[in-house]
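Data block below; observations after.
The values are calculated or read from the model by the stated rules, or taken from the named source; none is laboratory data. Just so it is clear, the structure is predicted and the values come from calculations on it, not from any experiment. Positions of Cβ are generated from backbone atoms using ideal geometry, with glycine treated the same way; all protein chains shown enter the neighbour counts.
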Amino acid sequence: MASESAQLTSEKHEFAAAWRYPQFRLLFASTFGFYTGKWIETVVGAWLILELTNSPFLVGLLGTCRFAAMLSGPFCGAIADRFNRRQILILAQIVYAISALLIMGLFLTDRLEPWHLFLFTIVGGICATFDYSVRYAVAADIVKSQYLVGAISLLFVSQGSTAILGPLLGGSLLGMIGASGCFALVAGGFLLSFLVLLPMKTAVVPKPTTRESMWQNLVVGFRYIKSDRSLSAMLLIAALANLLVFHYWFTLIAIFARDVLHTGASGYGLLMAAIGLGYTVGPLITAVLPSFTNKGKLLIAATIVWPAVLLIFAVSRIFYFSFALLVFAGIFQGISMALIQSLLLLWSAEEMRGRVSGARAFAVSAAPLGNLLAGAGAGLWGAPITLIASSAIFILLTVLIAIWAFEITKRN
């Protein structure tokens, strides 16, 4: 007992104590493989639709299809609380990989049509929703609660690094190995994720003691979240972030690169990489936070600083200054998102973690509408004004939510 106590005391003061868990290291590697494949598929799929149809509208519609499945997040979360989470995670990797191989085969046989890519994106979106609803809950099943923030943050580090690597691979290799080769890489990423999950062992999730239907499970989950103002507030912040701010990454940066900073495709790639870099560093900072840090206060602060930096970016006309601002924005964005995900799980009952993660996935479903509104706003008033308005509104709403759910800053 004495040696175990000494080990726990030591772990509290060491970097990323979650890394000591072999099962977590497997989950970390799986996250890297999954999101590498997903980012390559995102870049290559959009380019192929543009090549096949020459329609920017259909490119945007493809992106909408990618996020639309997040509407089923609560349902996926309820399933995660009823069945073996590891098996759900494995099944999602298999279906995604097989779908990518089918697209590769269609391209090799010259039978690929736009509707194939739309169908693939919808299926992939469903797989990604299940993955999102389950992956972080699995991390909570593996590590002790005092290491959960570090564990979730490290998963965000793995995910964030692919936001740099995936687009670079997809964009640079498309001309070298073609779409079929790229989709082979996509399938390879999901297969890598599948293979490292096979030996992973997790705690068995307690099954419901009552014979509730799936609908009743969902209702119980929503009531549980509603009863905890901290959980409700964080989910609301996440939804508003996807609606009002995340569009800078997926929609507005291309417009800023071409029309505001007057750079080409390479400059656009650098700006995207700047966000990815910050989004990797931010969770890394979160992973090394001392145990006494008031994580609730840090969450609110980071959530306000992130769009505040974007306000400065919106008026910048100097490329490298804008690059640096995007790195900082990505850092605080990464801190905010990592803390939301980890605190949602840390402050939730074990039997509710799947449904809470599913509700977090549901919050992402606001992103398609946010991207559409941002595109329309940029067309009417320009990208800078659109970003200034949406960021300012988000800051104001975050402050109001923090006042309403003041309990967040009292919990640790």
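Some observations on this one:
- Flag if Gly330 is under 14 Å from the mean Cα position of the chain (by Cα), assigned to a helix (DSSP H, G or I), more than 20 Å from Ala18 (Cα to Cα) and not polar (S, T, N, Q): yes
- Considering residues of segment 315-363 that are of a type in the set (Val, Ile, Thr) and touching a residue at least 60 places away in the same chain (Cβ under 8 Å) only, the residue surrounded by the fewest Cβ atoms within 10 Å (Cβ to Cβ): Val315
- Contact annotation: residue pairs with Cβ atoms under 6 Å, 6 or more positions apart or on different chains, pairing a residue in segment 229-251 that is outside any helix (DSSP H, G or I) with a partner that is aromatic (Phe, Trp, Tyr) and modelled with pLDDT of 95 or more, are Val245/Phe394.
- Residue in segment 64-86 that is surrounded by fewer than 19 Cβ atoms within 10 Å (Cβ to Cβ), in a loop (DSSP other than H, G, I, E, B) and of a type in the set (S, T, N, Q) present: yes
- Among residues of segment 258-275 being modelled with pLDDT of 75 or more and among the small types (Gly, Ala, Ser), the one that is surrounded by the fewest Cβ atoms within 10 Å (Cβ to Cβ) is Gly267.
- Residue within segment 308-323 that is in a helix (DSSP H, G or I) and among the hydroxyl-bearing types (Ser, Thr, Tyr) present: yes
- Ser342 vs. criteria farther than 23 Å from Phe394 by Cα, modelled with pLDDT of 85 or more and not aliphatic (A, V, I, L, M): no
- Residues located in segment 52-63, provided they are surrounded by fewer than 20 Cβ atoms within 10 Å (Cβ to Cβ) and touching a helix residue (DSSP H, G or I) at 6+ places or on another chain (Cβ under 9 Å): Leu52, Thr53, Ser55, Pro56, Leu58, Val59, Gly60, Leu61
- Residues in segment 100-140 that are surrounded by fewer than 21 Cβ atoms within 10 Å (Cβ to Cβ) and of a type in the set (Asp, Glu): Asp110, Glu113.
- Some residue of segment 364-377 being free of Cβ contacts under 8 Å to residues at least 24 places away in the same chain and within 17 Å of Phe250 (Cα to Cα): yes
- For Ile126, the conditions (1) modelled with pLDDT of 90 or more; (2) closer than 13 Å to Phe32 by Cα are fulfilled apart from (2).
- Any hit, segment 339-352, residues being out of contact with any Gly (no Cβ under 8 Å at 6 or more places or on another chain) and over 26 Å from Phe83 (Cα atoms): yes
- Some residue of segment 381-403 being touching a Cys at 6+ places or on another chain (Cβ under 7 Å), part of a helix (DSSP H, G or I), crowded, with 22+ Cβ neighbours inside 10 Å and touching a residue at least 12 places away in the same chain (Cβ under 8 Å): no
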